[in-house]
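What follows draws every value from the coordinates through simple rules; no lab data is involved. What you are looking at is a predicted structure, and each value in this text was computed from that prediction instead of being measured. A quick note on method: Cβ atoms are made from the backbone with ideal geometry, for glycine too, and the neighbour counts reach across all protein chains shown.
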Amino acid sequence: MSNSVGSTARLVGAGLRALLVLTVITGILYPLAVTGVAQALFRDKANGSEVKVDGRVVGSELIGQRYDLPLKEGQETPAPDLKWFQPRPSNGLGSNSVNTQYSLILSGATNRSGDNPELIQWVTDSKKAVIADNKAKGYEPKASDVPADAVTSSGSGLDPDISPQYAELQVHRVAEKNNLAVAQVEKLVRKHTDGRVLGFVGEPTVNVLELNIALKELTEK
């Protein structure tokens, strides 16, 4: 009996020692090592790829933001502020108490098939709205000019980028709303267009937050 109790005690003791050692290694030392390496070599990315203006964090390169007018009484969703470049449609972008330009409360795709009547109606309505919103003096986009990312959300619903085609579609309207020359805004879009990764992976993109920060700087000159 005493041998059985002694064996059990030794096994329990060995298990507790193993638990303590593994807890220290995997729960303390390993996270500290990974955090240290990340902060030393990839500080910007490790801290969320924050974007700062005048020392203040205004968003992240990785998370989309909305640019809307204040919500009016009776409105369910605010109207877009058309002096800014607009992001992709998304139910995941809203407001919070930290940065009122974006929200992490909701994220996700529509999860509807390409022939779903509701999705088709959403896309149709969105295309009409994009055409109407982007009319400017001497310029009216055609339905064929509207790229897919202007009327559909990304898989996450928080895509920070738009296609160069969608950015170019908005140039005339942004120029008119900000009293800028079209050529100035076109140059801004080209400057903030990122090419394919490694030259062949993916598609060219435009980060909306960085583009609007540059637009704000241009209008304040």
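Some notes on this structure:
- Label separation (Lys45 vs Glu76): 4.1 nm, computed from points 7 Å beyond Cα along the C-beta direction.
- Only helices enter the 222 nm calculation for the chain: every DSSP H run of n ≥ 4 contributes -39,500 (n - 2.57), and dividing by all residues gives -13000 deg cm²/dmol, rounded to 500.
- Dipole axis of the chain (+1 Lys, Arg; -1 Asp, Glu on Cβ), positive-most option in Pro87, Leu16, Val57: Leu16
- Rounded to the nearest 20, the size of the Cβ-charge dipole of the stretch 50-219 about its Cα centre is 380 debye, with Lys and Arg at +1 and Asp and Glu at -1.
- Residue order, fewest to most beta carbons within 10 Å, for Arg196, Arg173: Arg196, Arg173
- Candidates Trp122, Gly6, Val201 compared by Cα position along the dipole of the chain: farthest toward the positive end lies Gly6, with charges placed on Cβ.
- Among the chymotrypsin sites (Phe, Trp or Tyr not before Pro) found in the stretch 122-221, those both in a DSSP coil and sparsely packed, with 16 or fewer other Cβ atoms within 10 Å of their Cβ, are Phe200.
- Kyte-Doolittle mean at least 1.0, axial Cα span of 15 Å or more - DSSP H helices of the chain: 2-24, 30-41
- For the chain, modelled as a GNM whose springs connect Cα atoms under 10 angstrom apart, the maximal fluctuation among Gly64, Gly195, Gly27 occurs at Gly27.
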